[in-house]
Each structure stands twice: as C-alpha cells, then as structure tokens.
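The values are calculated or read from the model by the stated rules, or taken from the named source; none is laboratory data. Since we're looking at a predicted model, the values are computed, not measured. For neighbour counting, all protein chains shown are included, and Cβ atoms are generated from backbone atoms with ideal geometry for every residue, glycine included. With ligands, DNA and RNA removed, areas are computed over all heavy atoms of the protein, side chains included. Shrake-Rupley method; radii C 1.70, N 1.55, O 1.52, S 1.80 Å.
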Amino acid sequence: MPAQWTGELIGEIHNMGMTIKQFSAEAKLHPKYVSAVLHGKVESPKAEEKLKAALERLKSVRGISNGKRT
C-alpha cells in the first residue's frame with residue numbers, strides 16, 4: 001500500500017493541473033520512476049525528498065499557499 005504522503009502529493013499535482021510527466025520534469029526524475037514511487041511499487045526516502053521539494057518549488061512559483069493562490 002502506498003504511503004499517505006503519495007496520495008497527498010498526487011492530489012496537489014492534480015489540483016495544479018499538471019501531469020505526472022510534467023511534474024517529473026520539475027523533479028528531474030524519470031516519469032516511470034515517479035509513477036512507481038507514487039503508486040507504492042518503489043520506496044525511496046531520497047525520491048520522497050526530491051518530490052516534496054519539487055512540489056514546494058512549484059507552489060511558490062505559482063503563488064500557492066495551503067492549497068490556495070496568494
């Protein structure tokens with residue numbers, strides 16, 4: 001079963017109107033690898049760190065705070 005953080009991250013990606021492919025490019029990871037991590041097929045603390053950091057970068061660039069645009 002995937003970790004809770006993956007579901008939250010998938011929801012955030014969806015709310016930003018992005019695809020996994022687009023998000024993977026921001027995280028500088030291969031889309032298939034990102035998909036495997038997000039679906040619980042691969043566990044990697046390092047990938048978790050990179051994906052969360054990419055999400056925070058995107059949120060700041062887009063002016064999103066706590067799920068709402070600022």
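To keep it simple, each residue is scored yes or no on (1) of a type outside the set (A, V, I, L, M); (2) under 11 Å from the mean Cα position of the chain (by Cα).
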| residue | (1), (2) |
| --- | --- |
| 11 | yes, yes |
| 14 | yes, yes |
| 17 | yes, no |
| 20 | no, yes |
| 27 | no, yes |
| 43 | yes, no |
| 49 | yes, yes |
| 52 | yes, yes |
| 60 | yes, no |
> So which of 26, 43 is in contact with a helix residue (DSSP H, G or I) (Cβ under 6 Å, 6 or more places away or on another chain) and modelled with pLDDT under 95?
Replying inline: 26
> For the range 13-57, what are the residues that are open to solvent by 70 Å² or more (accessible area, probe 1.4 Å), within 17 Å of residue 1 (Cα to Cα) and of a type outside the set (Asp, Glu)?
Replying inline: 33, 39, 41, 45
>> I need the full set of residues from the range 1-20 which are over 15 Å from residue 36 (Cα atoms) and either among the acidic types (Asp, Glu) or touching a residue at least 12 places away in the same chain (Cβ under 8 Å) (or both), in order please.
In response: 8, 12, 13, 15, 16, 18
>> Filter the range 29-41 down to the residues that are more than 9 Å from the chain's Cα centre (by Cα) and among the aliphatic types (A, V, I, L, M) and list them by number.
In response: 29, 36, 37
